[in-house]
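Trainee: A single structure is presented below for examination.
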Amino acid sequence: MSGVGSLMLLDTASLYYRAFFGVPETVRAPDGTPVNAIRGLLDMISRLVRARHPAQLVACLDADWRPAFRVAAVPSYKAHRLAADGTSEETPPALAPQVPLIEEILQVAGLAVAGAPGYEADDVMGTLAARSDGPVDVVTGDRDLFQLVDDARQVRVIYTARGLSKLDVVDEAWVTAKYGIPGRSYASYAVLRGDPSDGLPGVPGVGEKTAAALVRTFGSIEAMLAAIEAGHGGFPMNSRPKLAAARDYLGVAPAVTRVATDAPVPDVDGALPLTPAAPDRLAALDERWDLGSSLRRALSALTGQS
């Protein structure tokens, strides 16, 4: 994806989950259906666009929340989030009906949305960032995406974990200051440390300090495995036997944690809409779900009206 000006990529699910838990469920449509995630997400989009003025904006979606290639590598990947049907993701009951509405509202408002069969939104963002020849801001509350940070290519993460009033702009220096590793090395660090929220076990006995020391010493998981195979020393903090015992995990986990940069994402025009794509349908959705000032603010921000 190319174009003049900055490209903003939204980790849509990360943002609507944050909206769902941040806006009271008492925000409801006339029929009593909660619309807190919808209205909260629209408010987030308007604030982000007004604060950062992107030239292009794409809402990235999970076409597959638990891709087969990641489960094949590490079967525990997101297994704890499976719903009772064994395939879909467990979602709070009040959020589930809002998710398809969010996608439709964004589309009829004229916002570009993107997904790729068999891939997560992370991979969509990684692919669109790789295609871009201009600055990219990846908006997410998921630190997995710190691996996309690249100062030379002007790719940054706008990290929402502390809320929209305290956004962290993550570049390579931020990653180094936070984790004590080179700014482009987050993916290897994440493999070692693990991530319980994604069902990734990490290497038993290797915490954050040891993981950081290993990344500083070797640079990559592949280099650590090569050093073990070659019988080399130099492993910090007595970590060699721990890594040797986790060799099978280390051989497959990078394929799980590494964000794809070549997913089959269709070309998408992220230009901000001058007008809604389907104004009549949007008006009907607004009336049905009482989107009110949240929708008006988002449309005003997207179309550049005051």
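The values are calculated or read from the model by the stated rules, or taken from the named source; none is laboratory data. These numbers were taken from a predicted model, which means no experiment stands behind them. Note that we place each Cβ from the backbone using ideal geometry, even for glycine, and neighbour counts take in every protein chain shown. What goes into the accessible areas is simple: the full protein's heavy atoms, side chains included, and nothing from ligands, DNA or RNA. Shrake-Rupley method; radii C 1.70, N 1.55, O 1.52, S 1.80 Å.
Trainee: Which is of a type in the set (A, V, I, L, M, F, W, C) and either assigned to a loop (DSSP other than H, G, I, E, B) or surrounded by fewer than 16 Cβ atoms within 10 Å (Cβ to Cβ) (or both), of Ala59, Ala63?
Mentor: Details: Ala59 fails: either assigned to a loop (DSSP other than H, G, I, E, B) or surrounded by fewer than 16 Cβ atoms within 10 Å (Cβ to Cβ) (or both).
Just a single option satisfies the conditions, and that option is Ala63.
Trainee: Only one residue in Gly194, Gly199, Gly180 is touching a Leu at 6+ places or on another chain (Cβ under 6 Å) and under 29 Å from Asp248 (Cβ atoms), so which one is that?
Mentor: Checking each option against the conditions leaves just Gly194.
Trainee: Do you know which of the residues in segment 241-257 that are open to solvent by less than 50 Å² (accessible area, probe 1.4 Å) and without any contact (Cβ under 8 Å) to a residue 60 or more places away in the chain is nearest to Ala68 (Cα to Cα)?
Mentor: Leu250
Trainee: Does Arg281 qualify as being over 25 Å from Asp122 (Cβ atoms), open to solvent by 40 Å² or more (accessible area, probe 1.4 Å) and in contact with a helix residue (DSSP H, G or I) (Cβ under 9 Å, 6 or more places away or on another chain)?
Mentor: Details: over 25 Å from Asp122 (Cβ atoms): yes; open to solvent by 40 Å² or more (accessible area, probe 1.4 Å): yes; in contact with a helix residue (DSSP H, G or I) (Cβ under 9 Å, 6 or more places away or on another chain): yes.
The answer is yes for Arg281.
Trainee: Quick check: anything in segment 89-112 assigned to a loop (DSSP other than H, G, I, E, B), of a type in the set (Ser, Thr, Tyr) and surrounded by fewer than 19 Cβ atoms within 10 Å (Cβ to Cβ)? First the steps, then the outcome.
Mentor: Taking segment 89-112 first, the residues assigned to a loop (DSSP other than H, G, I, E, B) are 90-97, 110-111.
When the remaining residues are screened for being of a type in the set (Ser, Thr, Tyr), the result is 91.
Okay, now just the ones that are also surrounded by fewer than 19 Cβ atoms within 10 Å (Cβ to Cβ), so 91.
Yes, segment 89-112 contains at least one residue that is assigned to a loop (DSSP other than H, G, I, E, B), of a type in the set (Ser, Thr, Tyr) and surrounded by fewer than 19 Cβ atoms within 10 Å (Cβ to Cβ).
One line per residue, one yes/no per condition, for (1) closer than 26 Å to Tyr77 by Cα; (2) in contact with a strand residue (DSSP E or B) (Cβ under 8 Å, 6 or more places away or on another chain):
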residue: Gln154; (1), (2): no, yes
residue: Ala161; (1), (2): yes, yes
residue: Ser165; (1), (2): no, no
residue: Val169; (1), (2): no, yes
residue: Ala177; (1), (2): no, no
residue: Val191; (1), (2): yes, yes
residue: Gly199; (1), (2): yes, no
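Trainee: Then there is this: Looking at segment 18-41 only, could you name the residues that are assigned to a helix (DSSP H, G or I) and within 18 Å of Ala298 (Cβ to Cβ)?
Mentor: Listed by number, the residues that qualify are Arg18, Ala19, Phe20, Gly22, Asn36, Ala37, Ile38, Arg39, Gly40, Leu41.
Trainee: Additional query: What residue, among those in segment 265-299 that are part of a helix (DSSP H, G or I) and in contact with a Pro (Cβ under 7 Å, 6 or more places away or on another chain), is farthest from Leu111 (Cα to Cα)?
Mentor: Per the stated criteria, the residue is Leu282.
Trainee: I've got another one for you. Looking only at segment 1-53, filter to residues that are within 18 Å of Gln107 (Cβ to Cβ) and among the charged types (D, E, K, R); which one of those is nearest to the chain's Cα centre (by Cα)?
Mentor: Asp11
Trainee: Looking at this structure, is Ala212 hydrophobic (A, V, I, L, M, F, W, C) and within 22 Å of Tyr119 (Cβ to Cβ)?
Mentor: Here the answer is no, as Ala212 does not meet what is asked.
Trainee: Looking at segment 220-234, I want the residues that are touching a residue at least 60 places away in the same chain (Cβ under 8 Å) and more than 20 Å from Val191 (Cα to Cα) and have a partner that is open to solvent by 50 Å² or more (accessible area, probe 1.4 Å) and among the aliphatic types (A, V, I, L, M) with Cβ atoms under 8 Å, at least 6 apart or on another chain. Which pairs are those?
Mentor: Close Cβ pairs (under 8 Å, with a partner that is open to solvent by 50 Å² or more (accessible area, probe 1.4 Å) and among the aliphatic types (A, V, I, L, M)) do not exist here.
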